[in-house]
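Worksheet for the structure shown next.
The values are calculated or read from the model by the stated rules, or taken from the named source; none is laboratory data. In this text the structure is predicted, and so the values were computed from the model without any measurement. A quick note on method: Cβ atoms are made from the backbone with ideal geometry, for glycine too, and the neighbour counts reach across all protein chains shown. To get the accessible areas, we keep the full protein, side chains included, count just its heavy atoms, and leave off ligands, DNA and RNA. Shrake-Rupley method; radii C 1.70, N 1.55, O 1.52, S 1.80 Å.
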Amino acid sequence: MASCVLARLPFALSMALAAEPDADAPGLHGDVAFSVYSPLASSAELMRRLLSPLAAWQVEESVAHGGDALRAQEVNLAEEHFALYVPAHAASQGHGLLVFVAPWQEAALPRGWDSVLERYDIVYVSAANSGNDANVLGRREPLAVLAATNVMRRLKIDPQRVYVGGFSGGSRVALRLALGYPDVFHGALLNAGSDAIGTATEPLPPAELLHAFQETMHVVYITGEQDKLHRDTDAVSIASLRHWCVNAFDEDVTTGAGHDVADPRALSRALETLRRTKPLDTARLAACRSNTEAELAKSLERLGAFVDRGDRSAAHKQLLELDARFGGLAAPHSVELARRCNCVLGPY
């Protein structure tokens, strides 16, 4: 819970200041308002990128059967505010940008981060009321996407240095956003929280987005030496990145730290790592993708055989496994097969 995190870290945060007239001026600003909506944060696009195909289909079917329509946007920006830190000087190609998903409710900047952001010329933005208690798809994810698009509209930002990050539960959301939005974010800073990708909770996006994630995303894990639980989950997460052909990832263990927000030195190391590009091993990537495609083809063939035989129970089980493992890679075939056997919606 967000309150538990804050209780363990009573001095970890430097709270955002009161609203100022010019929120684009250098320094830390609180109660910053944004007003521009983006198609990237629409309900339909969030579902396409962040839910598995069957989960998205079920939502659409449920809405349609209820006689309703999806809301165009999940949040009302007139009711939202953000913490924004703007460095004093931008590089010629523009500032970098870090969109931060926190586990707490306040719009805040972790203590000591301002000097590091200044040194690396990184704008920081984080939404209020987007902590661990908030709905992930309904609030935390669209708020982060809207924060990115609004800052990029207001300030000169280098699109190749746009990162998403978070701490604890917020870090897990950041990984979901990196996976679903590799055309927006090019690096992920995961501080003491991660999951395996290619699962029911971290479904793979459509093929074109997964390919971009594999090729252009740089994932950096920062976890305390004493935080065994999250170091273990990092190991599982890293293994999944390898399996799913991701090119660039690094792990940084903070000596002596527990389940803590990254200190300025750890943040500095992470930003330095993100600044370094890793050459893409095209031969390894091609071989890895070929293995994935062969495995997917076998799974689809097996599922199709169950559907053709009318074995609805076996088809249902195989369909759920396929959807969890391959996510958007299996679409639209997975949804077509689900429609044919009617083995997701309705009672058994």
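Net charge dipole, the range 87-213: roughly 200 debye, given to the nearest 20, about the Cα centre with Cβ charges of +1 for Lys and Arg and -1 for Asp and Glu. Say we join alpha carbon atoms closer than 10 Å with springs in a Gaussian network model of the chain; which of D24, D158, D281 then has the biggest fluctuation? Per the Cα network of the chain with a 10 Å cutoff, D281 tops the list.
For L175, what charge total do you get from the other residues with a beta carbon under 11 Å from its beta carbon, if Lys and Arg give +1 and Asp and Glu give -1? Charge balance in the 11 Å sphere: -1. Take the chain with all the other protein chains still there, run a 1.4 Å probe, and you get 43 Å² of accessible area per residue. Rounded to the nearest 10 degrees, the inclination of helix 169-180 to the longest alpha-carbon principal axis of the chain is 60 degrees. Just so you know, the averaged projected area of the alpha carbon convex hull for the chain sits at 18.1 nm². Starting from the Cα gyration tensor of the range 149-293, take the square roots of the eigenvalues, sort them a ≥ b ≥ c, and report rounded, prolate or oblate (rounded when a/c is under 1.5, otherwise prolate if a/b is larger than b/c, else oblate). Here the range 149-293 falls in the oblate category. Computed about its Cα centre, the charge dipole of the range 199-348 is approximately 400 debye, with only Lys, Arg, Asp and Glu carrying charge at their Cβ. Here the range 35-146 has 51 percent of its accessible surface on carbon and sulfur atoms, given a 1.4 Å probe and all protein chains in place. Dividing the radius of gyration of the alpha carbons in the range 129-180 by their Kirkwood radius gives 0.98 for Rg/Rh. Put a plus charge on the Cβ of each Lys and Arg, a minus charge on the Cβ of each Asp and Glu, and nothing anywhere else: the dipole of the chain about its Cα centre is then about 620 debye. Applied to the range 29-46, the Karplus parametrisation 6.51 cos²θ - 1.76 cosθ + 1.60 on θ = phi - 60° returns per-residue 3J(HN,Hα) values of 10, x, 6, 6, 9, 10, 10, 9, 8, 10, x, 5, 9, 5, 4, 5, 6, 4 Hz, with x for Gly and Pro. Set against the 2.2 N^0.38 Å expectation for a compact globular protein, the range 228-285 has a Cα radius of gyration ratio of 1.31. Note on A305/T199: beta-carbon distance plugged into 1/(1 + (r/R0)^6) with R0 of 25 Å gives a FRET efficiency of 0.50. On the range 248-337, 53 percent of the accessible area sits on carbon and sulfur atoms, based on a 1.4 Å probe. For L97, the residues whose amide H sits under 5 Å from its own are V123, V162, Y163, ignoring neighbours fewer than 5 places away on the same chain, with H placed 1.01 Å from N.
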